[in-house]
Amino acid sequence: MKTHYKFKFYLNARHSVTFDNKTSNIHPHTWEIAVIFGCKQSDTVNFSKFENELEKIFLIYEGKYLNELEAFKNENPTMEGIGKVFYQSIKSIVNNIDLFFETLEISENPTRTYIIEAD
């Protein structure tokens, strides 16, 4: 039997995206971010440390205009670009504790989700 845990977070932030040399207006989203992971040692996990570390990551972006942040200096803050930035940040903290990173899901609305599976 294989089991997983899923944490959901909500992030309010604004962005504008560029496609074909055209930049959209600045607009807000309430991003839904789901982090799915498993445990290396047992099925019982003290989530406090992990949850606090994830909250620290997302607080950096809360209420901000993402395009102005260093993390997006070289990354178009599309849903996919934001997912890639979050994936790298989360991967670094998961690898420092007794968990393994399975999947990151990021949604900019209820009908559109980008999914990154850990390698």
Q) Exactly one of (1) charged (D, E, K, R); (2) at pLDDT below 90; (3) buried (at least 16 other Cβ atoms within 10 Å of the Cβ) is unmet by Asp43. Its number? A) (3)
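Tally the residues that are among the basic types (Lys, Arg) and closer than 20 Å to Ser92 by Cα, restricting the search to the range 1-42.
Going residue by residue through the range 1-42, those that are among the basic types (Lys, Arg) are 2, 6, 8, 14, 22, 40.
After this cut, where a residue has to be closer than 20 Å to Ser92 by Cα as well, the list is 6, 8, 40.
Here the count works out to 3.
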Q) Within the range 84-95, is even one residue at pLDDT below 90, under 21 Å from Asn46 (Cβ atoms) and either touching a His at 6+ places or on another chain (Cβ under 8 Å) or not in a helix (DSSP H, G or I) (or both)? A) yes
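What about Ile106, is it buried (at least 18 other Cβ atoms within 10 Å of the Cβ), more than 22 Å from Lys22 (Cβ to Cβ) and out of contact with any Lys or Arg (no Cβ under 7 Å at 6 or more places or on another chain)? Walk me through how you get there before you give the answer.
On the way: buried (at least 18 other Cβ atoms within 10 Å of the Cβ): yes; more than 22 Å from Lys22 (Cβ to Cβ): yes; out of contact with any Lys or Arg (no Cβ under 7 Å at 6 or more places or on another chain): yes.
Judged against the criteria, Ile106 is a match.
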Q.
Against the definition (at pLDDT 90 or above, out of contact with any Lys or Arg (no Cβ under 7 Å at 6 or more places or on another chain) and of a type in the set (Asp, Glu)), how does Glu32 come out, yes or no?
A. no
Q) Assuming Phe50 fulfils every condition listed in (1) among the aromatic types (Phe, Trp, Tyr); (2) at pLDDT 95 or above; (3) not in a strand (DSSP E or B) apart from one, which condition is it? A) (2)
Q: Report, by residue number, each residue of the range 53-80 that is part of a loop (DSSP other than H, G, I, E, B) and free of Cβ contacts under 8 Å to residues at least 40 places away in the same chain.
A: Ile60, Leu69, Lys73, Asn74, Glu75
Q: Answer yes or no as to whether Glu51 is under 20 Å from Lys91 (Cβ atoms) and loosely packed, with under 15 Cβ neighbours inside 10 Å.
A: yes
Q.
Out of everything in the range 13-43 that is assigned to a loop (DSSP other than H, G, I, E, B) and out of contact with any Ser or Thr (no Cβ under 9 Å at 6 or more places or on another chain), what residue ends up being farthest from Thr3 (Cα to Cα)?
A. Asn21
Q | Yes/no for Thr3 being exposed (fewer than 12 other Cβ atoms within 10 Å of the Cβ) and either outside any strand (DSSP E or B) or among the aliphatic types (A, V, I, L, M) (or both) | A | yes
Q) What is the residue count in the range 2-12 for residues that are in contact (Cβ under 8 Å) with a residue 24 or more places away in the chain and in contact with a Ser or Thr (Cβ under 9 Å, 6 or more places away or on another chain)? A) 4
**Q.** Identity of the residue in the range 81-102, in contact with a strand residue (DSSP E or B) (Cβ under 8 Å, 6 or more places away or on another chain) and either under 26 Å from Phe19 (Cα atoms) or free of Cβ contacts under 8 Å to residues at least 40 places away in the same chain (or both), that ends up surrounded by the most Cβ atoms within 10 Å (Cβ to Cβ)
**A.** Ile82
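The values are calculated or read from the model by the stated rules, or taken from the named source; none is laboratory data. Since the model is a prediction, treat every value here as computed from it, not as a measurement. We place every Cβ from the backbone using ideal geometry, glycine too, and count neighbours over all the protein chains shown.
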